[in-house]
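These notes concern the structure reproduced below.
Quick note: the coordinates plus some simple rules give every number you see, no bench work behind them. The structure presented is a predicted model; accordingly, all values stated were derived computationally and were not measured. We place every Cβ from the backbone using ideal geometry, glycine too, and count neighbours over all the protein chains shown.
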Amino acid sequence: MPVGIWVSRRLQPALRALARKAPIRVELDVEIEARPPESVEIATYYVVSEALTNAAKHAQASRISVNVRSSGAALRATVEDDGVGGAETSAGSGLVGLIDRVEALGGRLALESPASGGTRLSIQLPLTLQAEAAIAGLEAATVPRREGALPAQTNLSQVADPEALLAAIASVADALYVVDARGNIRYLNAAALQILGYDEETQLLGRPSHATIHYLRPDGTPFPAAECPLLRPRVTGETVRVEDDWFVRQDGSLVPVAYTSAPIDIADGRGAIVGFRERAITQP
């Protein structure tokens, strides 16, 4: 399931969908006493998804086991494979974002991946704010929690004023744009302009996003708007994540990208915010 999940789905069926679509045999064992908070479900889903992707692409594994348990005040998830090992949490590994996501919820992440083979990724997440203090250190190669970590804040207006937030969004490394309820582009940052090959945001503002940057398939055939996953968040309220796609640049060339499109309430209704990055092409 390459898209994000959550309108009616819960964690267990979402993990089953991941296991079914994995190119490697996955042994899935999930026991959850009661539905966790949505933030915990989403974090667990993305940790498992990233671990399965890494095992399939890099570990040369033949088997993966996924174990998820909730008991008392914590949810614990472990993903193990029988691959080559040697995985790291260094920048660019794909695991750095998972560490931030888990720590933002007061959780811990541990990685054991000896060069002799096999990788074990474990997380422990509190199910209540009160349980955060009870999350003890995990074994072996636990990634240390940052000093002074704060509980997750879901109301951005309580973190910084709007002007400061907009300035931060405009300068982030990832490219992003915002579309309104009609699918027209309302905002882009500098990284988006650079990847898409435009000089000024006025060249894109007000234009339909699909008809401008997502209307062709990699083989050059038309890509119907009805099949475009980028448009779904505005309609269904779901979050869509795609790791392998293409956008159309100003000169008509295609650029490989990975992106996440999430719904966002704006003045004229429900729009979407799309964060994307240029994807490296692996030569055969």
Karplus couplings for segment 69-84 from phi (6.51 cos²θ - 1.76 cosθ + 1.60, θ = phi - 60°), rounded to Hz, Gly and Pro as x?
-> 9, 10, 8, x, 10, 9, 10, 10, 9, 9, 10, 10, 10, 9, x, 7
Return the sequence-ordered ³J(HN,Hα) values of segment 226-234 in whole Hz as given by the Karplus equation 6.51 cos²θ - 1.76 cosθ + 1.60 applied to θ = phi - 60°, using x for Gly and Pro.
-> 5, 9, 7, x, 5, 7, 5, x, 5
Amide H contacts under 5 Å for Asn189, restricted to residues at least 5 apart in sequence or on another chain and with H modeled in the peptide plane, are Leu176
Val240, Val30, Val274 arranged by Cβ crowding within 10 Å, fewest neighbours leading = Val30, Val240, Val274
Fully extended, how many nm does the chain gain between Arg20 and His58 (0.36 nm per residue separation, minus their Cα-Cα distance)?
-> 11.8 nm
Built amide H within the under 5 Å cut-off of Ile266, gap 5+ = Gly271
Mind giving me the FRET efficiency for Thr128 and Asn67? R0 is 25 Å, r the Cβ-Cβ distance, nearest 0.05 is fine.
-> 0.70
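Quote to one decimal, in nm, the extra length available between Glu38 and Arg249 on full extension: 0.36 nm per residue of separation minus the C-alpha distance between them.
Taking Glu38 through Arg249 to full extension adds about 72.3 nm, to one decimal.
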Inter-centroid distance (Cα atoms) of segment 169-231 relative to segment 32-102, Å = 31
Space enclosed by the convex hull of the alpha-carbon atoms of segment 160-278, per residue, Å³ = 104
